[in-house]
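Trainee: Would you mind keeping the following structure in view while I ask a few things?
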4 protein chains.
Amino acid sequence: MAGNSIGKVLVLSTFGESHGACIGGVLDGYPAGVIIDHNHLQTELDRRRPGRSHLTSARQENDKVEFLSGIYKNKTLGSPIAFIVHNTDKKSSDYDNLKDLYRPSHSDYTYAFKYGHSGMPGGGRSSARETVARVVAGALAKQFLRKHNIFINGFVISIGNIVLDKKTNNIDWKYAEKSPVCCPDPEVSEKMIKYIERIMEEGDSTGGVVRCIIKGVACGLGEPVFDKLHADLGKAMLSINAVKGFEYGSGFDGAKMVGSEHNDTFGIEKDVIYTHTNYSGGIQGGISNGMDIYFNVAFKPTPTVKKEQTTINKKGQTKKFIAKGRHDPCVVPRAVPVVESMAALVIMDHFLRAD
Amino acid sequence: MAGNSIGKVLVLSTFGESHGACIGGVLDGYPAGVIIDHNHLQTELDRRRPGRSHLTSARQENDKVEFLSGIYKNKTLGSPIAFIVHNTDKKSSDYDNLKDLYRPSHSDYTYAFKYGHSGMPGGGRSSARETVARVVAGALAKQFLRKHNIFINGFVISIGNIVLDKKTNNIDWKYAEKSPVCCPDPEVSEKMIKYIERIMEEGDSTGGVVRCIIKGVACGLGEPVFDKLHADLGKAMLSINAVKGFEYGSGFDGAKMVGSEHNDTFGIEKDVIYTHTNYSGGIQGGISNGMDIYFNVAFKPTPTVKKEQTTINKKGQTKKFIAKGRHDPCVVPRAVPVVESMAALVIMDHFLRAD
Amino acid sequence: MAGNSIGKVLVLSTFGESHGACIGGVLDGYPAGVIIDHNHLQTELDRRRPGRSHLTSARQENDKVEFLSGIYKNKTLGSPIAFIVHNTDKKSSDYDNLKDLYRPSHSDYTYAFKYGHSGMPGGGRSSARETVARVVAGALAKQFLRKHNIFINGFVISIGNIVLDKKTNNIDWKYAEKSPVCCPDPEVSEKMIKYIERIMEEGDSTGGVVRCIIKGVACGLGEPVFDKLHADLGKAMLSINAVKGFEYGSGFDGAKMVGSEHNDTFGIEKDVIYTHTNYSGGIQGGISNGMDIYFNVAFKPTPTVKKEQTTINKKGQTKKFIAKGRHDPCVVPRAVPVVESMAALVIMDHFLRAD
Amino acid sequence: MAGNSIGKVLVLSTFGESHGACIGGVLDGYPAGVIIDHNHLQTELDRRRPGRSHLTSARQENDKVEFLSGIYKNKTLGSPIAFIVHNTDKKSSDYDNLKDLYRPSHSDYTYAFKYGHSGMPGGGRSSARETVARVVAGALAKQFLRKHNIFINGFVISIGNIVLDKKTNNIDWKYAEKSPVCCPDPEVSEKMIKYIERIMEEGDSTGGVVRCIIKGVACGLGEPVFDKLHADLGKAMLSINAVKGFEYGSGFDGAKMVGSEHNDTFGIEKDVIYTHTNYSGGIQGGISNGMDIYFNVAFKPTPTVKKEQTTINKKGQTKKFIAKGRHDPCVVPRAVPVVESMAALVIMDHFLRAD
């Protein structure tokens, strides 16, 4: 039983392989009558695509979405919204020397084992290119949510060991958007850039952590006991390529605290209930409580490095190889819109579920 | 749309409120012909229930499972297995002074808002007592999995700031089982006990981290791109009460590493493919690769503390209160069988999905 | 992958075997705050149970429902409503002489093949006793729907060849309720009773057709293109034991008509849109149009007859046998509340889906 | 919550509007390694498309499928198979005079009410053109099933009052395929053609009944108690445009029989268990028993007739109109491949579920 769909009322199903004709998706359950903002959609795609700064892969995907259904005269019909983004810059030849190898920490081996074939070049379905469909659907979800005053923003809080002080509250979103590493702090941003440049020179790669903040969610979203809001957010984040961990609110640090410190005491002002602190990350008992929702997502270093590595091939022979191809030394900045998109899909799904 | 079921081929639905007649569940999709090991099941329930050491709540639930269907002459029929565990020791009076309060970092407020009522005393559906149903179902899943040589074990790696060296490989499972804090290292175990005793005296509470290791899973479990094995494990863990974070393999630490160090290179011995390191945590591209699967789950400190706190009541008035009731200063050791149970349900679900 | 649940937002899962401890169910997705009418519920159970007239099985099930969860102080909590009805009158000995036989047109053979065991005596899960859970859940759905002025009523339109004129519009519901064959016409009712008495004497059985009318459904329920309202009603009906066919509106007769006759032309009165005829059965394009919804459900004759039959046993030997046990010569009248219940569950599910 | 997907392990989601760019679908859960037979696929599309005989709509859709994903070097990858069929012959102008009318027994009114818009011209999503996606997916399912010796064939058993003797067992499939009305009997076929020609001249339309026979299904498919094989077949058929009824095996006629006549007694020959009669239609207790599965599907007359009709428009005004557009006087022959396709999808889904 396959697993290419996510969501219960708003359901995204994605399809397409990295070196096939296109990456696409079907978004079902999206309400009728919403006007599509194509500029916003393109901006989101551009945030994700490679080739925008010297720190990312040289692969140039001039990503444009083509809608196949569900929209008429620029308005949603309430029927499934199908869309594709063509794969225009496929260089399968980069993969020729790899096609019989199980690359370390890639999915070559597990995919070959599970599906009984070597799949398409370039990772096929397991390539991060699949996330382009998530960004299209996420942009549509964001457009719905902002009409309900819900806003979702992510930024990078760490690259390797360069860490932005987690306590930061006043995010300079404009700077984050300009920064090639999506970090809102100029000083830390600069350090991150330097670090990635060094890693790049060494032919190596690095990981990092993305934080996402969701503002404007009213009390009441989330469906205990299994579809708790943070559980569905967690699953959505963990489904993104290269993600190794998820924590919300106080997260792993919360495990070190004592209860009297960690408890978010309630206050009330002008009939609005709030909490004085927000270690709960805006979610209590699996249900949003009206405060900001925030969480962190850890990304591993990309497995493609331009250093010699040893692995085995399909015949079980030990082989040395050096990756060619075009790959990012650090995917974390490009992952920010993907994180936001998956968050938007989960929040909109629960918004519609609670309706 | 409610969320009281988990799994796609093996589906657990739980029901029951902490101060109602019982907690129960229905496990559908469990194959016919499996002989039930009642001793093992009772042992699992006993590992979860409070009152076993001086470190836990004095609430005495002599938990016994009663099967209502799906089993005949001690063998599963292939039909839904319904079961209940009676709630025998309900002291609602403990909650009398709280019934109009929104306790900090509890779900009182969000539940009242979402369901339009104050629910039952003792947290109703949001109480950790609900996890008893997960342990029953998890025990059945473990019994199925062990026939396929899959074994799942958890232990505590941290309580507050007392941390077991994460690198530990040779787990002394017997000691962990004996230890009142489920920690396999006698020295660290002792420190944890001391720390909880101190916290208890102070009327406070503490959190911690549970690690879980799954041995014997062959290559091939997990369904990209959304139902990746670690994504479903993550959701299942995050659905457990008080959980704040999930990481697998290298986890958040992996985000600090470089690719050349983090990559798990493949080797082969007697036709068996393995990786020299296991930062992948036994999962690559969302599919198990045959290595041990391991992950960490962070628990926040329980919100019930015997210190004076300020909050608001349903009328919006600010109130001071001190919790009475019977609560654990640290639920982390008791959470170990719950973590294992949810892992067993996810692994068995994917085992049947991949079949 | 098992199939013991039905519905998407309102989900009924049933469990229990006919000769096990109980038949039960879990109804998830039922809104909070609904007051339960226990008298109505018991009336519904009594309509279904055998032993009420000389025409039905002598099996005496004094069916009482016991709620395990989801209700507090007689009001629904919004959490899963679990319930059981105990099996009090199990006479397994009736089945002793059958236990190795594959009874003709029963599910003995297919169940034995599929589940690899002979199951429990009395049909286990395939027994019509399972429908008691549907009636409990259906009664709860009816109680919700009547608050929204939706009413569901069934009656018998044929037993064997005794057929009530299908065009009948003015149903005498009170008479139908009194009639032991649930037929609203005294004359036809009398003929049906006579026919069943004769069939009974002959040790044979007969089938029949139940019609169901749903009043008060506003325009808008149903989810094309697959979850059309009549498609979900059809599936629900076909899931009832012994059902062989389903038709709505003009049904099979509609296939013989010409379009100009079959078309339901629209009219309007005081801003209310209606159709002059209703061959559409209240559903157009899979969506309710505000007119009465009506459909027919065909039941086969029960396979248990007190005549000598030939079949094979598990060893593949040809055997002659005569059924003992307690069985109805005609289950159709008792099926009326089951048909209504399944209709109520489908309508409420779509009511909540469209919300 | 929308309803554009069907199936549990093999899931078909369709998208597209009749006058949009294309009709398409995503088929998820289809196993890897199956070689696609494009000729067979095109034949299936050709069987469904209009314009093949003088009895059908003049709309010329030169339907060609374009695969977007899931297939590489003509073999399935195990990933979602997305496909589209372009809409090449859209004449929206035919609908200009209708665009403000609620056409009788069409879905104009219910769609406008539910989705809050008038949708696209030509019925949008509710058009029978949507079934082209079902035929593509159904062809892929048939290709899988025939490898397992399962064959699905439909034919027309009635048009209006012209009825083929239901008992017919020896179907002349070749003749049925040649017959413009898909009827295997030359004499009856001729009568049907004459009848449709007369109806056509009158500007009217007619309905009919399709029978489908499935050969080669082994014992064991079907998932009681809700996902019984015939219940899922019934839902799939009822989801097809214009369908009013479904019956399997003895169907509505079975309701008139007595049990001793209706029971299918078992026999055994060379270790193969069979039944002497097959009133059960190959399904007992919701599970296939190894005999032929057969069922009937009733289609209403198409609502578009070239006679003057009265209806109301969106302003609630009464209007007279005569349809222009291009429509079939009888869609039943063209529905045969759609019925077969939906059957193939259900059987393959249950085949994979039972695996």
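The values are calculated or read from the model by the stated rules, or taken from the named source; none is laboratory data. The shown structure was predicted, so the numbers you read here are calculated from the model rather than taken from an experiment. Cβ atoms come from the backbone with ideal geometry, glycine included; neighbour counts cover every protein chain shown. We work out accessible area using only protein heavy atoms, side chains counted, and drop any ligands, DNA or RNA first. Shrake-Rupley method; radii C 1.70, N 1.55, O 1.52, S 1.80 Å.
Trainee: Over 28 Å from D:PHE15 (Cα atoms), small (Gly, Ala, Ser) and open to solvent by 10 Å² or more (accessible area, probe 1.4 Å) - does that describe any residue in region C:253-267?
Mentor: yes
Trainee: Let me ask something else about it. Got a sec? Which of C:SER239, C:SER280, C:SER260 is within 7 Å of chain D (Cβ to nearest Cβ) and without any contact (Cβ under 8 Å) to a residue 12 or more places away in the chain?
Mentor: On the way: C:SER239 fails: without any contact (Cβ under 8 Å) to a residue 12 or more places away in the chain; C:SER280 fails: without any contact (Cβ under 8 Å) to a residue 12 or more places away in the chain.
Result: C:SER260 is the single residue among C:SER239, C:SER280, C:SER260 that is within 7 Å of chain D (Cβ to nearest Cβ) and without any contact (Cβ under 8 Å) to a residue 12 or more places away in the chain.
Trainee: Please determine, by comparing only the residues of region D:308-334 that are out of contact with any helix residue (DSSP H, G or I) (no Cβ under 8 Å at 6 or more places or on another chain) and away from chain C (no Cβ under 11 Å), which one is most open to solvent (accessible area, probe 1.4 Å). Explain how you work it out, then say what you get.
Mentor: Looking only at region D:308-334, we keep the residues that are out of contact with any helix residue (DSSP H, G or I) (no Cβ under 8 Å at 6 or more places or on another chain), and these are D:308, D:310-313, D:315-320, D:322, D:327, D:332-333.
Those left that are additionally away from chain C (no Cβ under 11 Å): D:322, D:333.
Working: D:ILE322: 84, D:PRO333: 13 Å².
The selected residue is D:ILE322.
Trainee: Looking at region D:1-21, which of the residues that are open to solvent by 10 Å² or more (accessible area, probe 1.4 Å) and at the interface with chain C (Cβ under 10 Å from one of its Cβ atoms) is nearest to the chain's Cα centre (by Cα)?
Mentor: Result: D:ILE6.
Trainee: Here is a further query. Six or more apart or on different chains, Cβ atoms under 8 Å: show the pairs whose first residue is in region B:146-169 and more than 13 Å from chain A (Cβ to nearest Cβ) and part of a strand (DSSP E or B) and whose second is open to solvent by 60 Å² or more (accessible area, probe 1.4 Å) and at pLDDT below 95.
Mentor: Sorted first by the residue in region B:146-169, then by its partner, the pairs are B:ASN153/B:TRP173; B:PHE155/B:TRP173.
Trainee: If you don't mind, another one. Among the numbered criteria (1) at the interface with chain D (Cβ under 9 Å from one of its Cβ atoms); (2) touching a strand residue (DSSP E or B) at 6+ places or on another chain (Cβ under 9 Å), which single criterion is violated by C:LEU352?
Mentor: (2)
Trainee: Can you tell which of D:ILE193, D:ILE273, D:ILE213, D:ILE268 is under 30 Å from D:LYS147 (Cα atoms), more than 9 Å from chain C (Cβ to nearest Cβ) and of a type in the set (A, V, I, L, M, F, W, C)?
Mentor: The conditions single out D:ILE213.
Trainee: Can you report the number of residues in region A:22-38 which are buried (at least 23 other Cβ atoms within 10 Å of the Cβ) and either away from chain B (no Cβ under 14 Å) or in a loop (DSSP other than H, G, I, E, B) (or both)? Full working, then the answer.
Mentor: Applying the first criterion (buried (at least 23 other Cβ atoms within 10 Å of the Cβ)) to region A:22-38 yields A:23-28, A:30.
Within this subset, residues satisfying the condition of being either away from chain B (no Cβ under 14 Å) or in a loop (DSSP other than H, G, I, E, B) (or both) are A:28, A:30.
Counting residues in region A:22-38 that are buried (at least 23 other Cβ atoms within 10 Å of the Cβ) and either away from chain B (no Cβ under 14 Å) or in a loop (DSSP other than H, G, I, E, B) (or both) gives 2.
Residues checked against (1) in a loop (DSSP other than H, G, I, E, B); (2) in contact with a Ser or Thr (Cβ under 6 Å, 6 or more places away or on another chain); (3) open to solvent by 10 Å² or more (accessible area, probe 1.4 Å):
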{"site": "D:TYR195", "(1), (2), (3)": "no, no, yes"}
{"site": "D:ILE199", "(1), (2), (3)": "no, yes, no"}
{"site": "D:ILE213", "(1), (2), (3)": "no, no, yes"}
{"site": "D:ALA218", "(1), (2), (3)": "yes, no, yes"}
{"site": "D:LEU221", "(1), (2), (3)": "yes, yes, yes"}
{"site": "D:ALA231", "(1), (2), (3)": "no, yes, no"}
{"site": "D:GLY234", "(1), (2), (3)": "no, no, no"}
{"site": "D:ILE240", "(1), (2), (3)": "yes, no, no"}
{"site": "D:GLY245", "(1), (2), (3)": "no, no, no"}
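Trainee: Look through region C:284-302, keep the residues that are hydroxyl-bearing (Ser, Thr, Tyr) and surrounded by 24 or more Cβ atoms within 10 Å (Cβ to Cβ), and return whichever of them is modelled with the lowest pLDDT.
Mentor: Going residue by residue through region C:284-302, those that are hydroxyl-bearing (Ser, Thr, Tyr) are C:288, C:294, C:302.
When the remaining residues are screened for being surrounded by 24 or more Cβ atoms within 10 Å (Cβ to Cβ), the result is C:288, C:302.
Details: C:SER288: 98, C:THR302: 94.
Filtering region C:284-302 for residues that are hydroxyl-bearing (Ser, Thr, Tyr) and surrounded by 24 or more Cβ atoms within 10 Å (Cβ to Cβ), the one modelled with the lowest pLDDT comes out as C:THR302.
Trainee: I've got another one for you. As an exercise: evaluate B:TYR248 against (1) within 14 Å of another protein chain (Cβ to nearest Cβ); (2) under 14 Å from B:PRO333 (Cα atoms) and give the number of the one condition it does not meet.
Mentor: Result: B:TYR248 fails condition (2) only.
Trainee: Yes or no: C:LEU68 more than 18 Å from the chain's Cα centre (by Cα) and buried (at least 21 other Cβ atoms within 10 Å of the Cβ)? Walk me through it before giving the result.
Mentor: Numbers: more than 18 Å from the chain's Cα centre (by Cα): yes; buried (at least 21 other Cβ atoms within 10 Å of the Cβ): yes.
Answer is yes for this residue.
Trainee: State all residues of region B:71-90 that are touching a Cys at 6+ places or on another chain (Cβ under 9 Å) and buried (at least 21 other Cβ atoms within 10 Å of the Cβ); if no residue qualifies, say none. Working first, answer last.
Mentor: Taking region B:71-90 as the starting set, the residues that turn out to be touching a Cys at 6+ places or on another chain (Cβ under 9 Å) are B:82, B:84-87.
Hits for region B:71-90 are B:ALA82, B:ILE84, B:VAL85.
Trainee: Kindly evaluate A:TYR279 against the criterion of being open to solvent by 30 Å² or more (accessible area, probe 1.4 Å), in a strand (DSSP E or B) and within 27 Å of A:ARG353 (Cα to Cα). Let's see the steps before the verdict.
Mentor: On the way: open to solvent by 30 Å² or more (accessible area, probe 1.4 Å): yes; in a strand (DSSP E or B): no; within 27 Å of A:ARG353 (Cα to Cα): yes.
It is false that A:TYR279 is open to solvent by 30 Å² or more (accessible area, probe 1.4 Å), in a strand (DSSP E or B) and within 27 Å of A:ARG353 (Cα to Cα).
Trainee: Of the conditions (1) within 21 Å of D:ASN263 (Cβ to Cβ); (2) more than 8 Å from chain D (Cβ to nearest Cβ); (3) of a type in the set (Val, Ile, Thr); (4) surrounded by 24 or more Cβ atoms within 10 Å (Cβ to Cβ), C:VAL305 fails just one. Which one is it?
Mentor: (2)
Trainee: Let me ask something else. Would you check if D:LEU238 is under 28 Å from D:VAL11 (Cα atoms) and under 19 Å from the mean Cα position of the chain (by Cα)?
Mentor: Yes: the conditions hold for D:LEU238.
Trainee: Any idea which of (1) farther than 30 Å from A:ARG198 by Cβ; (2) open to solvent by 10 Å² or more (accessible area, probe 1.4 Å); (3) at pLDDT 95 or above is the one A:ILE162 doesn't satisfy?
Mentor: A:ILE162 satisfies all of (1) farther than 30 Å from A:ARG198 by Cβ; (2) open to solvent by 10 Å² or more (accessible area, probe 1.4 Å); (3) at pLDDT 95 or above except (1).
Trainee: Right, next: Quick check on region A:196-211. Is at least one of its residues farther than 23 Å from A:HIS106 by Cα, β-branched (Val, Ile, Thr) and touching a residue at least 40 places away in the same chain (Cβ under 8 Å)?
Mentor: There is no residue in region A:196-211 that is farther than 23 Å from A:HIS106 by Cα, β-branched (Val, Ile, Thr) and touching a residue at least 40 places away in the same chain (Cβ under 8 Å).
Trainee: Here is a further query. Please go through region C:39-55 and give me each residue that is within 17 Å of the chain's Cα centre (by Cα), assigned to a loop (DSSP other than H, G, I, E, B) and not basic (Lys, Arg), ordered by number.
Mentor: Here is the first cut: in region C:39-55, the ones within 17 Å of the chain's Cα centre (by Cα) are C:41-50.
If we keep only those that are assigned to a loop (DSSP other than H, G, I, E, B) too, we end up with C:49-50.
Selection gives C:PRO50 alone.
Trainee: Among the listed residues A:LYS174, A:LYS178, A:LYS147, A:LYS191, identify the single one that is open to solvent by 20 Å² or more (accessible area, probe 1.4 Å), of a type outside the set (Phe, Trp, Tyr), touching a strand residue (DSSP E or B) at 6+ places or on another chain (Cβ under 6 Å) and more than 17 Å from A:ALA236 (Cα to Cα). I'd like the intermediate steps shown before the answer.
Mentor: On the way: A:LYS174 fails: touching a strand residue (DSSP E or B) at 6+ places or on another chain (Cβ under 6 Å); A:LYS178 fails: touching a strand residue (DSSP E or B) at 6+ places or on another chain (Cβ under 6 Å); A:LYS147 fails: touching a strand residue (DSSP E or B) at 6+ places or on another chain (Cβ under 6 Å).
Result of the check over A:LYS174, A:LYS178, A:LYS147, A:LYS191: A:LYS191.
Trainee: Within region D:115-159, which residues are of a type in the set (Gly, Ala, Ser), more than 15 Å from the chain's Cα centre (by Cα) and modelled with pLDDT of 95 or more?
Mentor: Quick first cut of region D:115-159, residues of a type in the set (Gly, Ala, Ser) only: D:116, D:118-119, D:122-124, D:126-128, D:133, D:137-139, D:141, D:154, D:158.
Narrowing the set further to residues that are more than 15 Å from the chain's Cα centre (by Cα) leaves D:116, D:118-119, D:122-124, D:158.
Selection gives D:SER158 alone.
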